[in-house]
Amino acid sequence: MLDRPQRQRTLPRRANCTTSFVLIAAFSSLVVFGSSVAAWAPSLLTVSSRGSSLTSLSRNPSSSVIPLYSTTEQASSINSTDNNMSNKQEDYPQYTPEQLKSALDGLLEGSSDPAFDGRHLFGYENGIQNPNHELSKLQAITATRIRDYERYLQSGKAVQEQDLVKQMQSFWQTHGPLLNLQTVIQEQAPRMALAAEFKRASPSKGNIAVHLNAGEQAQQYAAAGANIISVLTEPRWFLGSLEDMTEVRLTTTTNAASTTSRPAVLRKEFTTSKYQITEALANGADTILLIVAVLPQHLLKELIDHARSFGMEPLVEVHADVELEVAIQAGAKVIGVNNRNLHTFQMDLHTTEHVAEQLMAQGCTFDHSDPTAAQNSRYTLCALSGMSTAFDVDRYRNINVGMCLIGESLMRAADPKVAIAGLCLDPKDWENMRNTVGGGAYTAGTKLVKVCGITTADDALVACQAGANLIGVIFVPKSKRCVTADQAMAVVKAVRAFGERTNRETLAVTKPTEATSPISQLTSNAQALEASSRRPLVVGVFQNQSPEFIRDMVDSCGLDLVQLHGSEGMEAANKEICGVPAIRVVDIATDPETGKASENAVQMILNSVTTDPLAILLDTAIKGETAGVAPASSLTMPLPKRFKTQDCLSLLRVD
Ligand SMILES: O=C(O)c1ccccc1NCC(=O)[C@H](O)[C@H](O)COP(=O)(O)O
């Protein structure tokens, strides 16, 4: 039986997880060549699943990784306990939907006007929960947390609140004072403050990086310039613990030059009680998250006031307009806009821009252009979720956002320091980056991974979790990995769920004019593809099949892209013909005598490209072999020396 609502777990340390995947080809426009595949540090272009089940990767006993959910179980994962790595299933009590619903009702109990205080709550009308209401994922998690805490407090083992207060004071005496979240952010202006998140797993993504150690990861974040470390302390869905957070606080304090030059620590929890706030403080938090979507206004205000009574400034999270109104009325000052709708797991990076407009329309000041302007602003605006690049940071810099909170992409990064440096938090770094690489998304660091030959939803999910950008499904009958329309549909469904989207991804590809050169067109397409495939896309692979068949599969399965592998001409890889943008496979010309790539291979490719394809994919130069069948030894591709990373990149920069 669980003693407290969270407990320390023993987790395996970072381990490189090698796979038997085979490198088969490269998008010249997009990627770099590599020689090994690390599941958590993908650096290749296209990878074939090569018959073996990808699912076995995540169930590799040596990595002790048990998938948090499979796609088929995803919808029911909220109430499942099999996400628990080292704790036994029975460690977690289960609650009936009625128990969960009444837990949420309990939050409105202290309100003198439930209809008003609960006006923004999902499934409520006039302060009363619709009896047929099905709890959203966010509500189910929050209600479970409420019930877990109730059990803990009734168990007789809970630390009493007055003891937590003493513990907090002694913590501050030993490890230094509390940091104020708003001040930490304001002091960074005009640099974007970064909240780097420690999140091993999540309900929307399943396992992310279960092997990581909280203290070690946080220290890497801190050394790279993170100003806040956000730590998920929820155990069932996020595999977190309060102990993780304390470890983060202690490690980053020990390694800091002084007790105040450390990053602030944010407890990321489903907080609904004063007890959780005091507990957070006693265990090393500087601040906590309050999610407006599950907190009635009167309770939100009570919790904000309780936090401030200890000098803590909380991060108040909103998503919808009415939630912003509730946050302002409850007295929030640091407002975080979650781009992810936590009721539905739909991601939209425009959400922050929309809320910024609403704040301005209400005359609320928030400015991050310099420290004085920031300190004179009542509000500090933060963007949460879905970000991974300098482009994301810059879009929010332009609307006076002061802090970006980034989780998944930093947890998956092979080197968090490099990933953080690449965000260009300082506007000067951004300007330098733009000036040195010509202002494009298309930089020497650009990497996309395509995992091809996927046949099941579970394998697709594993590939997505390992960081794939493109998931290939093969429609070529002679392939061992040829899929039916139903199989492809299941893969599309899984990939969309992982990417938190419901529709086909529309790439922001600029239409070529007659004057557009194929190379500049491919370069701008590369930017669009890179931006869109941060959340994976599904590519249907075809070979000499009719445009009618291709379009039929595109429409019925919901493919995002197609890839043409046969002797169809370059012009066949046209969006108007295929229904979606198309990648054209291009053979690297081989020297008939040596069997190696010809010296003029690059020029031949340059001569052949048109503005039709979205991208070109360079096929192996092995004589008689085509992509997908080349042996692993072809990794030592006999490409001309100059046909390496830089040339692949410059190939598309030439105008
Ligand atoms: O991430 C989830 O799936 C999730 C589900 C339900 C409630 C909260 C959830 N996540 C919390 C967050 O919003 C993110 O951890 C955080 O903002 C970072 O997002 P990202 O950079 O996209 O990992």
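Below is a table of values for the structure above.
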quantity: Student exercise, segment 225-377 dipole from Lys, Arg, Asp, Glu Cβ charges, in Debye to nearest 20; calculated: 380 debye
quantity: Whole-number D in µm²/s for segment 167-206 (Stokes-Einstein; Kirkwood sum over Cα pairs; 25 °C, 0.890 mPa s); calculated: 185 µm²/s
quantity: Relative exposure of Asp458, Asp305, judged by other C-beta atoms within 10 Å (fewest first); calculated: Asp305, Asp458
quantity: Contact order normalised by residue count of segment 249-373, Cα under 8 Å, 6+ apart, percent; calculated: 16 percent
quantity: Order of Glu568, Glu216 under a 10 Å beta carbon neighbour criterion, fewest first; calculated: Glu216, Glu568
quantity: Total charge dipole magnitude, segment 228-274, about the Cα centre, Cβ charges on Lys, Arg, Asp, Glu only, Debye to nearest 20; calculated: 160 debye
quantity: Residue exposure sequence - Phe171, Phe366 - by fewest surrounding Cβ within 10 Å; calculated: Phe171, Phe366
quantity: Placed amide H near Leu405: partners under 5 Å, 5+ positions off or other chain; calculated: Ala195, Ala383, Leu384, Ser385
quantity: Debye intensity ratio in log₁₀ form over the Cα atoms of segment 560-623, taken at each q of 0.19, 0.27 Å⁻¹; calculated: -0.69, -1.09
quantity: Out-of-range pairs (alpha-carbon distance over 20 Å; input Lys450/Lys493; Lys101/Lys157; Lys137/Lys205; Lys205/Lys493; Lys166/Lys274); calculated: Lys101/Lys157
quantity: Size of segment 426-566 as Cα extents on the principal axes (Å, biggest first); calculated: 50, 38, 25
quantity: Radius of gyration and Dmax over the Cα atoms of segment 321-423, both given in Å; calculated: 14.2, 43
quantity: Where only alpha carbons of segment 102-236 are counted, the Rg and the Dmax (Å); calculated: 19.4, 51
quantity: Gain upon complete extension [Arg378, Glu187; 0.36 nm per residue less C-alpha separation]; calculated: 67.3 nm
quantity: Dimensionless Rg ratio for segment 256-389, taking C-alpha atoms and the 2.2 N^0.38 Å reference; calculated: 1.06
quantity: Around Leu295: net Lys/Arg minus Asp/Glu count, Cβ-Cβ under 11 Å; calculated: -3
quantity: Förster-model FRET efficiency, 45 Å R0, Asp305 and Gln346, C-beta, rounded to 0.05; calculated: 0.90
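None of the figures in this text is laboratory data; all of them are computed from the coordinates on show. Predicted, not measured: the structure shown is a model, and the values here were computed from it. Using ideal geometry, Cβ is built from the backbone for each residue, glycine included, and neighbour counts are taken over all protein chains shown.
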